[in-house]
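Below: the structure, in C-alpha cells.
Where a number appears in this text, it was derived from the coordinates with a stated rule and is not lab data. As the structure is a prediction and not an experimental result, all values here were calculated from the model. Don't worry about glycine lacking a Cβ; one is built from the backbone with ideal geometry, like all the others, and counts go over all protein chains shown.
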Amino acid sequence: MSDSSSDGGKWLDAHYDPVAGLYTFSSCVDLADLSGDGESRLVVGDLGSGLSGMKLKVYRGTALMSESTLLDLPAGLVAFFMDLHEPRIPAVAVASGPCIYVYKNLRPYFKFTLPGLEVNTLEQDVWQQAREGQIDPLTLKEMLESIRKKADISLSVRSLRFLSLDTSDMDEFVQLHKQQPVRRQTVITCIGTLKKSTADEDGVSCLVIGTESSNIYILDPEAFIILYKMSLPAAPTLMDVTGQFDVEFRITVACRNGNIYILRRESDKPKYCIELSSHPVGLVRVGKNVVVGCTDESLQGFTQKGKKLWRTVLPAPIITMATMDLPTRGFQAVLVGLANCEVQLYREKNLLSTIKTPDVVTSICFGRYGREDGTLIMTTKGGGLMVKILKRTAVFDDRDSAPGPPLAQSVRLNVPKKTKLYVDQTLRERENGLAMHRAFQMDLSRLRLAAAKAYVKALESSLTPMSSSLTEPLKMNAVVQGLGPSFKLTLNVQNTAACRPVMNLAISFLYDENLYRMKCSYMRIPLLVPGLVYPVETFVECTSDKGISDIIKVFILHEGKSSPLLTAHINMPVSEGVTLN
C-alpha cells in the first residue's frame, strides 16, 4: 500500500491488477455485505467479450471469491434487502435482457420476466399466411416492410431479424420459425432500488426497472409482481431513485431523446422535464440536487424541479460518473471519470481533487469495502481493477482549484419577497406608463432649459474665470496670503491666445468699504504676451474687529467698455489679528 502523489496525497493505493479481466460499467458494480459478517464484497456484472463469457463475479479484498455464468449481457446490477429475515443478508438482482435474475446467498433464487407487449395484428396475419404457405418469403418481406412504415406498433424481433437477412437465407428462416407464435418482448435498460416503507439502511427495498418500451416498473420485493407502472416519452438510459414507496418517492430518469424527466408518486406521467443541449452520459444525485454529465464535456447541476443551478466545462469527454458519499463526515461529491485517464472529484461546480489513472476508467464505485468506509473501486478499459482508500486525514477544500470566476460569484443572493407596496407600484407603473414617461420628459426638458439659461447668463455677465471672447482670451486665478488684518492679494493673469497679444486692460475691485480698505482699487495691466503668466499684487486691510469676512469681486475690463471680460469672486478669510485684538 503506497501514497498516491497525483491527487495531493489524499488516497492510498491499496490494489491494482491491470490484468483482472473485468469489463463492466458503473451500473453493473455494487458493494454489499453478502455474508452478514460486517465485511462488504464487490459484486460485478462482467460483460465478458460482449458475445460470451458474461459472469457475475464477487470479490473479497483483492481475491475473486465466486463467479456465476450469466445468460445475457447485464444491463444493471443492484444489491437489496427483499425480506426481514435474520441474518440480514441482501440479495443481488441482475438485469439481463427481458429478465431479472435474483441471487440469494450467491445462488440463483428467482427469475422475473417482463410482461410481453402488444403484437401488431397485421404482422400476426402475415406470419399466419406464411405458415399456411399462402405467400412466399419475398412477398412476406414486402408486406412486413409495408407494415413497419405505416403501423403505430413496431414489429417484433423475429420480423426485424427476418428483414435484415439476405434473400438466400429467408426461406430457411421462415421454415424454422413459422410454427412459433409471434411475440414482442422488451428489454431492461436500467435498474435501481426504492425503499418500501422505511429509510433504514437495511430496510426492505423494491426494484425499479426502466425498459426499452419507455416504461418504468416498480416490483414488489417478495412476490415480484408489478406494483406501479409509469410511462415516459422515450426509452430510459440512466435512473436515480429516492424516497419510500409507501410514503413519497421521486424517480429521475435520463432518456434517449436527450431529456431528463422527474416522476413522482401521485402521477404515472413525468411531472418535470429538463431539456439538455446535449445527450446525458451520467446522472447522480447529491443531496437534493441532480448532477448531469453531458456529451458536450460539461457537468451541470439542477434542482429537484428542474431549475438549472450551475454548469462547468470539463477538460475531456465523460466516460462514467458516481456519487462519493461519506456519511461519517457529512461529505457528498461527484466522481467523474474522463477520457484523458483522469478521475475528477467535484462538489457542486468546484473541482476538489484529480486522480491520475494508468488507463481510461469505465466504472466507478465508492463506499464501504471490507471494513474500510472510504474505498474507491475503479475498473479500466483494458480490464484492470484499481482499489484506492481515502486517508482519514484527507481534507477537501471547498475552494475551486480550476480557473474561472471566483466562488462568490455563484452564491445565490437572498432576494426578499415582493411586498404589497411593490406589487401596487408595479401595477401603477404599468397602467400609467405613458403619462409617467411624458412627465419625465417634460421635467428633463425644463432642467435642460434652466441649465442653458444659467450658462448664457454667465457668459453675458462674464462670471466665469475664463474669458469667452475670441479676440481677448484670458484666464485668471487669485491667491490670498496672510493672517490679517493685512492680506496680500495676488492675481495671476494669462493670455491664452496662440499668437495675439492683449493690451489696454484694467483691473477693478468691488468690496464692502465698511470691512476692507485698499490703497488702489483700480490699476492698469501692461501688454499681455501669449502664454506668460502676469502676477498682479495688491494689499487689502481689514478694518472691522467683529471677526467677519466678505467677498471681494475682481473685474478685468477693456478700457472704454463697461462690460467686464472676466469676473472673479474671492472669499476672504477671517482676520485673526483683529480677532485677537
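Please sort 506-516, 256-266 by packing, taking for each peptide the average over its residues of neighbouring beta carbons within 10 angstrom, highest first. Write out the running numbers ahead of the final one.
On the way: 506-516: 15.5, 256-266: 17.8.
Ranked from most to least packed, the peptides come out as 256-266, 506-516.
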Seminar exercise, completed: The rounded separation in angstrom of the Cα centers of the range 338-381 and the range 156-224 is 32
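Specify whether the C-alpha gyration tensor of the range 182-263 places it in the rounded, prolate or oblate class, a ≥ b ≥ c being the square roots of the eigenvalues: rounded for a/c under 1.5, otherwise prolate if a/b is larger than b/c and oblate if not. Mind dumping the intermediate values first?
On the way: a/c = 2.43, a/b = 1.41, b/c = 1.72.
Verdict is oblate for the range 182-263.
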For this session: Starting from the Cα gyration tensor of the range 253-327, multiply each eigenvalue by 5, take the square root, and state the resulting semi-axes largest first in whole Å.
Result: 21, 15, 11
Exercise. How big, on average over all directions, is the shadow cast by the Cα convex hull of the range 174-222, in nm²?
Worked result: 5.4
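With a ≥ b ≥ c taken as the square roots of the eigenvalues of the C-alpha gyration tensor of the range 249-291, please select rounded if a/c is under 1.5 and otherwise prolate if a/b is larger than b/c or oblate if it is not? Display every interim value, and only then the final one.
Details: a/c = 2.38, a/b = 1.28, b/c = 1.87.
Oblate is the answer for the range 249-291, as a/c is 1.5 or above yet b/c matches or exceeds a/b.
How long are the semi-axes of the equivalent ellipsoid of the range 1-86, defined as square roots of 5 times the Cα gyration tensor eigenvalues? Whole Å, largest first. Numbers along the way, then the final one.
Details: eigenvalues 124, 80, 28 Å².
Over the Cα atoms of the range 1-86, the semi-axes work out to 25, 20, 12 Å.
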Problem set entry | Pair Arg517, Asp136: separation of 7 Å Cα→Cβ label points (nm) | 14.1
Exercise. If you build the Cα gyration tensor of the range 47-193 and take the root of 5 times each eigenvalue, what three semi-axes come out, in whole angstrom, biggest first?
Worked result: 41, 17, 12
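Roughly what percent of Cα-Cα pairs across the range 466-571 reach past 21 Å?
Details: 1964 of 5565 pairs.
So the portion of pairs separated by more than 21 Å is 35 percent.
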Problem set entry | Full-stretch length increase - Leu64, Lys457 - with 0.36 nm per residue and alpha-carbon distance subtracted | 131.5 nm
For this session: Show the residues, 5+ positions off or on another chain, whose built amide H is closer than 5 Å to the amide H of Asp33.
Result: Arg41
Exercise. Which whole-angstrom value gives the distance between the alpha carbon centres of the range 34-70 and the range 81-110?
Worked result: 14
Problem set entry | Helix-only [θ]222 nm of the chain, DSSP H runs n ≥ 4, -39500 (n - 2.57) each, per residue, nearest 500 | -5000 deg cm²/dmol
For this session: With θ set to phi - 60°, apply the Karplus curve 6.51 cos²θ - 1.76 cosθ + 1.60 along the range 414-431 and write out the HN-Hα couplings as whole Hz, x wherever there is a Gly or Pro.
Result: 7, 7, x, 6, 6, 7, 5, 4, 5, 5, 4, 5, 5, 5, 5, 5, 5, 6
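Excluding Glu248 itself, calculate the net charge of residues whose Cβ lies under 13 Å from the Cβ of Glu248, where each Lys or Arg counts +1 and each Asp or Glu counts -1.
Working: positive: Lys195, Lys196, Arg250, Arg264, Arg265, Lys271; negative: Asp246, Glu266.
Its environment carries a net charge of +4.
Can you quote the Å³ per residue value for the convex hull of the Cα atoms in the range 121-177, rounded to an integer? The partial results should precede the final answer.
Working: hull volume 4.0 nm³, N = 57.
It comes to 71 Å³ per residue, whole-number rounded.
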For this session: Holding the Cα-Cα limit at 18 Å, pick out from Lys519/Lys561; Lys150/Lys229; Lys271/Lys418; Lys475/Lys553; Lys488/Lys553; Lys269/Lys305 the pairs that are longer than that.
Result: Lys519/Lys561; Lys150/Lys229; Lys271/Lys418
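Quick one: putting +1 on the C-beta of Lys and Arg, -1 on the C-beta of Asp and Glu, what dipole do you get for the range 121-177 around its Cα centre, in Debye to the nearest 20?
Working: 7 positive and 11 negative charges, 51 e Å.
Dipole about the Cα centre, nearest 20: 240 debye.
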Problem set entry | Distance (nanometres) between label positions extended 7 Å along Cα→Cβ at Thr113 and Leu309 | 4.4
For this session: Please work out the Cα center distance from the range 115-129 to the range 270-305, rounded to the nearest Å.
Result: 39
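To the nearest 0.05, how large is the calculated FRET efficiency for Leu421 and Arg368 if R₀ is 60 Å and r is the Cβ-Cβ distance?
Numbers: r = 56 Å, r/R0 = 0.93.
FRET efficiency, Leu421 to Arg368: 0.60.
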Exercise. Where the Cα atoms of the chain are projected onto their three principal axes, how long is each span, largest first, in whole Å?
Worked result: 133, 65, 52
For this session: Would you mind working out the magnitude of the charge dipole of the chain relative to its Cα centre, with +1 at each Lys and Arg C-beta and -1 at each Asp and Glu C-beta, to the nearest 20 Debye?
Result: 1860
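Can you check what the net charge comes to around Ile135, using other residues whose Cβ is under 14 Å from the Cβ of Ile135 (Lys, Arg +1; Asp, Glu -1)? Don't skip to the answer; put the middle values down first.
Working: positive: Arg131, Lys141, Lys178; negative: Glu123, Asp125, Glu132, Asp136, Glu142, Glu145, Asp171.
My count for the surroundings of Ile135 gives -4.
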